[in-house]
Protein chains: 2
Amino acid sequence: MTFIATPQSMTFDAPLPLQSGALIRGYDLTYETYGQLNAERSNAVLICHALNASHHVAGVYEGQARSEGWWDNMVGPGKPVDTNRFFVIGVNNLGSCFGSTGPMHVNPDTGRVYGADFPVVTVEDWVNAQARLLDALGIEQLAAVMGGSLGGMQALSWTLQYPERVRHAVVVASAPNLSAENIAFNEVARRAIVTDPDFHGGHFYQHGVVPARGLRIARMIGHITYLSDDVMNAKFGRELREAVADNGSGYKFSTQDIEFQIESYLRYQGDKFSQYFDANTYLLITRALDYFDPARAFGGDLTQALARTRAKFLLVSFSTDWRFSPARSREIVKALLENRRDVSYAEIDAPHGHDAFLLEDERYMGVVCSYFESFSGETR
Amino acid sequence: MTFIATPQSMTFDAPLPLQSGALIRGYDLTYETYGQLNAERSNAVLICHALNASHHVAGVYEGQARSEGWWDNMVGPGKPVDTNRFFVIGVNNLGSCFGSTGPMHVNPDTGRVYGADFPVVTVEDWVNAQARLLDALGIEQLAAVMGGSLGGMQALSWTLQYPERVRHAVVVASAPNLSAENIAFNEVARRAIVTDPDFHGGHFYQHGVVPARGLRIARMIGHITYLSDDVMNAKFGRELREAVADNGSGYKFSTQDIEFQIESYLRYQGDKFSQYFDANTYLLITRALDYFDPARAFGGDLTQALARTRAKFLLVSFSTDWRFSPARSREIVKALLENRRDVSYAEIDAPHGHDAFLLEDERYMGVVCSYFESFSGETR
């Protein structure tokens, strides 16, 4: 059963001070809500998005085929995050490219499009902006905040920045910070974008071009890290796209043509992405990932960093996720337990790598469903 | 103790038929030899190189500082592959860019530089070219053929293409073929090169440019896959290159400046590589990796494929190598054992990922040393 989603927008006139010391003067946030806020205003759930997603978490757009939200299998009537019980909010983050103020918008200070001048935003900044949206919606406390990957970092950061405003945090396929390898992959993707001659120092909009070559490479790299070696072998293996007849090997013997199915898949994903995603947003969001590190201010001691939390937690990880491996989730679990917080943890045996957090899986959905049921109807 | 190495070149006038059906009319191979061929001509060891290495396996060049060969820790007087006992040959493969005929040379059919028209060469083609070099050197049978990574594939292929000409094969950090993920990383690197506007369809030489942007990206991706997550965390972690004073986090808050040490390292490696490596060679060699798959002609049955082998084998893998994991080496070991071949296998517990095959490690060196000692002085 599906439902119609309607994006909304809210304008904020008060400047938002950023972690970098910069300020965003005024800004819009695009968001969607599903379900009904109850009279006690106690059933709100905020869903935070990862790199390339948006406020469109669930439902479809009227008259648009294949317009399901990115977590439509998770959020909706009768789904694990049940919109018959909860009032669910999805919000597009600042600096993204799906409606909220970002690099494609006009900088009120200069009258020109921001481009590469859009200020660097962090997970903490996003959480502050989200908190203002909740203020405007009259929601003092969230029943839950939830997210996967970078969205999980936002959920975790909520429990640190606004400990009294979160009763439950659901952190899926996430990490307390990026490893050197994670940063390395982000950096290669950024270099591909920045060194594309069509990037024009981040001011490509006025040249009527986009750095599509760089975006394609960035997305191809991303896709490799979202999947597991196992699932790639199962889905593509060494299968050729079209084997040459009358040739023992079936190979075309070309360095530039598509030979293997995996190449075809990656090129397709890269092409598609380069047509809809903003290059400056890619830089900003990967940097927000790099910078997130709540233990940093505590000399790397995550237990100390998480002492401020007051929420109850559900952590979920996936066995074949090598981008944010189960070990990274366990670091968070351990630090929370050392603070005697109430933590549930599920490590789901799934073949799909990091992508698993977006996919249908009975055990995964079951765990999230049970967790939300456990506090459905709970008041503050 | 080091010694002086002297590169040599040999011209082959007879055309070489390639696996693709194409033909290389005439070609040069650049090679080096260390030690003395004995009277029985029974002590020759061929060392095969991987992606970016060359014939310069060991020793230094007269008057050139820091000119040690790429496997100088493995090959030399008193080293595991002891040149006091063995006559060691290193050869630059066809299509590479360190002396042997490749894309930067003139195509005798057109009188113009080959560029992207250089024919696709495979591991099997390289082995055929190497066999002709041995013919010319009067070596009918090798005491051993040895290589790491792509070099290991050549060593394995020697035992299949010329089973009677190899007594021992040492296959280090290798695989019976590339996985979908391996191919995926190669493909992203190739796309970065091919879509660089300075690539000019592979004929950049006449434009006086090189596709340096693409080569940088390719090398950065490569480097990530050569290292383990653990060693990256140990070497670089989340360390900043230069922390900003008077700022809680130390961050510069920039999407394009170097912030983390790992970024600095990768950019440096990319820059260095783009200054010496040929882009067309990069495409050719990664394609040779993609295509290697001796089991392919046997419906994927590696045991059947390896039935032709007659050599004795040493296989070595490294615990943290996720590019060519120990599991891939064990596939080869299993297939050889099922053919009742004489196989030794060492899985070295090393933190350095795929790079470990090039690095000093007492146990690794010890295993190779013992293996070579076991047949030193052996005649055919």
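Structure values in brief
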{"quantity": "Residue check, A:Leu133 more than 28 Å from A:Arg267 (Cα to Cα) and not aromatic (Phe, Trp, Tyr)", "calculated": "yes"}
{"quantity": "The range A:257-266, residues that are part of a helix (DSSP H, G or I) and either more than 7 Å from chain B (Cβ to nearest Cβ) or more than 39 Å from the chain's Cα centre (by Cα) (or both)", "calculated": "A:Gln261, A:Ser264, A:Tyr265"}
{"quantity": "Matching residues, the range B:1-26, being in contact (Cβ under 8 Å) with a residue 24 or more places away in the chain, more than 14 Å from chain A (Cβ to nearest Cβ) and outside any loop (DSSP other than H, G, I, E, B)", "calculated": "B:Ile4, B:Gln8, B:Ser9, B:Met10, B:Phe12, B:Leu16"}
{"quantity": "Matching entry among B:Asn38, B:Asn52 (being without any contact (Cβ under 8 Å) to a residue 60 or more places away in the chain and outside any strand (DSSP E or B))", "calculated": "B:Asn38"}
{"quantity": "Scope the range A:337-363; condition within 22 Å of A:Asp290 (Cα to Cα) and of a type outside the set (Gly, Ala, Ser); matching residues", "calculated": "A:His354, A:Asp355, A:Phe357, A:Leu358"}
{"quantity": "Where a residue in the range B:239-256 is within 9 Å of chain A (Cβ to nearest Cβ) and its partner, wherever it lies, is part of a loop (DSSP other than H, G, I, E, B), with Cβ under 6 Å and at least six apart", "calculated": "B:Gly250/B:Ala243; B:Gly250/B:Val244; B:Lys252/B:Val244; B:Lys252/B:Glu259; B:Phe253/A:Ser20; B:Phe253/A:Val120"}
{"quantity": "Filter pass, B:Phe313 being of a type in the set (A, V, I, L, M, F, W, C), assigned to a loop (DSSP other than H, G, I, E, B) and away from chain A (no Cβ under 11 Å)", "calculated": "no"}
{"quantity": "Sole residue being of a type outside the set (Ser, Thr, Tyr) and within 30 Å of A:Trp322 (Cα to Cα), chosen from B:Gly270, B:Gly299", "calculated": "B:Gly270"}
{"quantity": "Helices (runs of 4 or more DSSP H) within the range B:156-238 that include 2 or more residues more than 8 Å from every other protein chain (Cβ to nearest Cβ) and under 23 Å from A:Arg191 (Cα atoms)", "calculated": "B:180-194, B:212-226"}
{"quantity": "Test set (1) outside any loop (DSSP other than H, G, I, E, B); (2) surrounded by fewer than 20 Cβ atoms within 10 Å (Cβ to Cβ) - B:Ser254 fails condition number", "calculated": "(1)"}
{"quantity": "Residue check for A:Arg165: at pLDDT below 95 and either farther than 30 Å from B:Thr225 by Cβ or surrounded by fewer than 19 Cβ atoms within 10 Å (Cβ to Cβ) (or both)", "calculated": "no"}
{"quantity": "Matching residues in the range A:125-147 - criterion: being out of contact with any Ser or Thr (no Cβ under 7 Å at 6 or more places or on another chain), farther than 26 Å from A:Ala22 by Cβ and among the small types (Gly, Ala, Ser)", "calculated": "A:Gly138, A:Ala144"}
{"quantity": "Residue list for the range A:1-23, filter: under 16 Å from A:Ala136 (Cβ atoms) and of a type in the set (A, V, I, L, M, F, W, C)", "calculated": "A:Met10, A:Phe12, A:Ala14, A:Leu16"}
{"quantity": "Yes/no for B:Phe324 being within 20 Å of B:Trp71 (Cβ to Cβ), in a loop (DSSP other than H, G, I, E, B) and within 22 Å of the chain's Cα centre (by Cα)", "calculated": "yes"}
{"quantity": "Any hit, the range A:288-310, residues being within 22 Å of A:Phe86 (Cβ to Cβ), without any contact (Cβ under 8 Å) to a residue 60 or more places away in the chain and surrounded by fewer than 16 Cβ atoms within 10 Å (Cβ to Cβ)", "calculated": "no"}
{"quantity": "Filter pass, B:Gly115 being modelled with pLDDT of 95 or more and touching a helix residue (DSSP H, G or I) at 6+ places or on another chain (Cβ under 6 Å)", "calculated": "yes"}
{"quantity": "Filtered residues of the range A:271-303 (kept if facing another protein chain (nearest Cβ under 8 Å), in a helix (DSSP H, G or I) and among the charged types (D, E, K, R))", "calculated": "A:Arg287, A:Asp290, A:Arg296"}
{"quantity": "Options B:Met74, B:Met10; residue that is surrounded by 21 or more Cβ atoms within 10 Å (Cβ to Cβ) and touching a helix residue (DSSP H, G or I) at 6+ places or on another chain (Cβ under 8 Å)", "calculated": "B:Met74"}
{"quantity": "B:Asp196 farther than 22 Å from B:Leu289 by Cβ and acidic (Asp, Glu)", "calculated": "no"}
{"quantity": "Hits in the range B:322-351 (condition: under 11 Å from B:Ala173 (Cα atoms) and within 13 Å of chain A (Cβ to nearest Cβ))", "calculated": "B:Trp322, B:Arg323, B:Phe324, B:Ser325, B:Ala327, B:Arg328"}
{"quantity": "Residue ID - nearest to B:Asp321 (Cα to Cα), chosen from residues in the range A:313-369 that are without any contact (Cβ under 8 Å) to a residue 60 or more places away in the chain and basic (Lys, Arg)", "calculated": "A:Arg330"}
{"quantity": "Residue count for the range B:76-102, restricted to those that are closer than 27 Å to B:Arg363 by Cβ, in a loop (DSSP other than H, G, I, E, B) and touching a strand residue (DSSP E or B) at 6+ places or on another chain (Cβ under 8 Å)", "calculated": "2"}
{"quantity": "Criterion violated by A:Asp229 - all others in (1) within 18 Å of B:Arg287 (Cβ to Cβ); (2) surrounded by 16 or more Cβ atoms within 10 Å (Cβ to Cβ); (3) modelled with pLDDT under 95 satisfied", "calculated": "(1)"}
{"quantity": "Positions within the range A:335-363 being among the charged types (D, E, K, R), assigned to a helix (DSSP H, G or I) and farther than 23 Å from A:Val231 by Cβ, in sequence order", "calculated": "A:Glu338"}
{"quantity": "Residue satisfying condition, being over 30 Å from B:Leu37 (Cβ atoms), touching a Ser or Thr at 6+ places or on another chain (Cβ under 9 Å) and among the aliphatic types (A, V, I, L, M), within set B:Ala335, B:Ala311", "calculated": "B:Ala335"}
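The values are calculated or read from the model by the stated rules, or taken from the named source; none is laboratory data. Computed from a predicted model, the values in this text were never measured in an experiment. Glycine also receives a Cβ, built like all others from the backbone with ideal geometry; neighbour counts cover every protein chain displayed.
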